[in-house]
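The block underneath contains the structure these notes are about, expressed in structure tokens.
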Amino acid sequence: MAKINILLADDDLIFCRLVKDILQQDGHRVVVANNVKAAREATSQEHFDIIMLDMCYPSIKDGFTLLEEFRGAYPNSTILMISGSGHIPDAVLALKYGAQDFIEKPVEPPELRERVKRLAQRQSRDQESINKFASIIGIVGKSAIMQEILDKIHKAAEFDTPVLITGETGVGKELAAHAIHRLSKFSHKPMVSINCASVPKELFEAELFGYEEGAFTGATRSRMGYFEFAKDNSFFLDEVIELPLVLQAKLLRVISEGEIQKVGGKVMEINTRIISATNQSLEQAVESGIFREDLLYRLNAIHIRIPPLRERPEDIIPLARCFVKDFCQRNSIPIREITPDALSFLYQSEWQGNARELRNSLERAMIFSDGKDLQLKDFTKGASHFSVSDCLDTKHTLREAMRVFERNYIEFHYRQNEYSLARTAEKLGLDRSNLHKKITAYCIKEEEEK
């Protein structure tokens, strides 16, 4: 287990000495604060991985006051509450107010070590998840906007306010939702999620809200819906724009009143944190009459837009290197370098599918690569299709669209045939001189003829 930095905030001097000795034996650094002032000074001066906090301080009403303060000010610290009363409701309240764990005095050394170990491991997993998310959407790169997004995620996770995540396909909206969940007070549970585009309209209400036995023909037993599963948890609604209008009103009730009603059942209270996402404009959907304006306002309480790669090209190269490293580590192979010509290709490519397409392209190249380094030719192996999305730009005239299509089509087959002019010409039904003229005119990079 990694050695960590711990703050022990307790006015019991004997207890503090005992705990400090035990944890220092395991190699951890322990700072003791015997009063509220010392605890506040310590946390203002350095980061603590774990804060062990006494529930009973003479100078304040109770430990919950300090718990709320520290939870809000230091969301990256894990809080372990300490109580000498053995009062069960105290433990329940501590967890409700944001503590990750609760321990009673007197504490046995094995139990203390196990609790600290478990909390440290969970914090490490959370940080790895956040780092992975950051890598996937580009925070390992140079763009300042991605740093702002991560900061928004950290702040949004502290509260139960609905979050709307927008952005094109492949930018990492679901990963952002998972990052918010893992930083939230619900992180001890798996996040509940549903893709609204994948649910048949006739089943939507039953899937989301559940139903009671006998509610309709075929309802032979009661069934819980997604909202009930998401009680005291985060609920991620992907492609929320696909939610039928009739159910949008019910979702609004969940957010506004904290209530749901099963099909054929009674109203029940529910506490769930709504995170939604879409790759389309909800504002335009409101104008078109397919999405409720009042629901948009509630979902959009916190808005996080994840930009496409074309708006942050400086992130492509660091992101590519991160994906290669991740792939190599997952598959227990030596980490490969990317050659300059391959890096140039990656930087100049459009990546219409954003980070997802970039990752897929790199992983496919890694699989079909024969050398120690990742080369330009590796990006042609294993490719089974080419993208026509560029020529579908409505700004193009017909002539321009045809030129874009022709260039993409030639470039694709040229790469498929490993830059062999003869084989490509045969495949396309062109003579070699004509193909060579087109390759030159379109500035398609030529490799040594096979």
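Scan (1) modelled with pLDDT under 90; (2) closer than 30 Å to LYS155 by Cα; (3) assigned to a loop (DSSP other than H, G, I, E, B) for the single condition THR217 breaks and write down its number.
(2)
Can we say LEU252 is crowded, with 21+ Cβ neighbours inside 10 Å, of a type outside the set (Gly, Ala, Ser) and touching a residue at least 24 places away in the same chain (Cβ under 8 Å)?
no
May I ask you to list the residues in region 260-279 that are over 15 Å from MET224 (Cβ atoms) and touching a residue at least 40 places away in the same chain (Cβ under 8 Å)?
Those that are over 15 Å from MET224 (Cβ atoms) and touching a residue at least 40 places away in the same chain (Cβ under 8 Å): ASN271, ARG273, ILE274, ILE275, SER276, ALA277, THR278, ASN279.
Here's the yes/no breakdown for (1) modelled with pLDDT under 80; (2) in contact with a strand residue (DSSP E or B) (Cβ under 6 Å, 6 or more places away or on another chain); (3) in a loop (DSSP other than H, G, I, E, B); (4) under 30 Å from SER332 (Cα atoms):
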| position | (1), (2), (3), (4) |
| --- | --- |
| LEU358 | no, no, no, yes |
| LEU362 | no, no, no, yes |
| CYS391 | yes, no, no, no |
| ARG403 | yes, no, no, no |
| HIS413 | no, no, no, no |
| LEU435 | no, no, no, no |
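Can you report the number of residues in region 234-273 which are among the aliphatic types (A, V, I, L, M) and either within 14 Å of ASP160 (Cβ to Cβ) or assigned to a strand (DSSP E or B) (or both)?
In the first step, residues of region 234-273 are kept if they are among the aliphatic types (A, V, I, L, M); the result is 237, 240-241, 243, 245-247, 249, 251-252, 254-255, 260, 263, 267-268, 270.
Next, from what is left, pick out any that are either within 14 Å of ASP160 (Cβ to Cβ) or assigned to a strand (DSSP E or B) (or both): 237, 254-255, 260, 263, 267-268, 270.
Residues that pass the stated criteria total 8.
State which residue is surrounded by the most Cβ atoms within 10 Å (Cβ to Cβ) when the search covers only region 415-429 and only residues that are at pLDDT 80 or above and not in a helix (DSSP H, G or I).
Among residues in region 415-429 that are at pLDDT 80 or above and not in a helix (DSSP H, G or I), the one surrounded by the most Cβ atoms within 10 Å (Cβ to Cβ) is TYR419.
Taking region 158-173, which residues are surrounded by 23 or more Cβ atoms within 10 Å (Cβ to Cβ) and among the hydrophobic types (A, V, I, L, M, F, W, C)?
Hits for region 158-173 are VAL163, ILE165, VAL171.
Can you find, within region 4-46, the residue that is nearest to LEU67 (Cα to Cα) among those that are in a loop (DSSP other than H, G, I, E, B) and out of contact with any Asp or Glu (no Cβ under 8 Å at 6 or more places or on another chain)?
Checked region 4-46; the qualifying residue nearest to LEU67 (Cα to Cα) is GLU46.
Somewhere in region 190-203, is a residue assigned to a loop (DSSP other than H, G, I, E, B), of a type in the set (S, T, N, Q) and free of Cβ contacts under 8 Å to residues at least 60 places away in the same chain?
No, because not a single residue in region 190-203 is assigned to a loop (DSSP other than H, G, I, E, B), of a type in the set (S, T, N, Q) and free of Cβ contacts under 8 Å to residues at least 60 places away in the same chain.
Can you pull out the residues in region 341-367 that are without any contact (Cβ under 8 Å) to a residue 24 or more places away in the chain and farther than 27 Å from VAL404 by Cβ?
Matches in region 341-367: ILE367 only.
Please pick out the residue among ILE302, ILE333, ILE306, ILE316 that is buried (at least 16 other Cβ atoms within 10 Å of the Cβ) and closer than 19 Å to GLN375 by Cβ.
ILE316
The values are calculated or read from the model by the stated rules, or taken from the named source; none is laboratory data. Source: prediction; values computed, not measured. Neighbour counts are summed over all protein chains in view; Cβ atoms, including those assigned to glycine, are modelled from backbone coordinates with ideal geometry.
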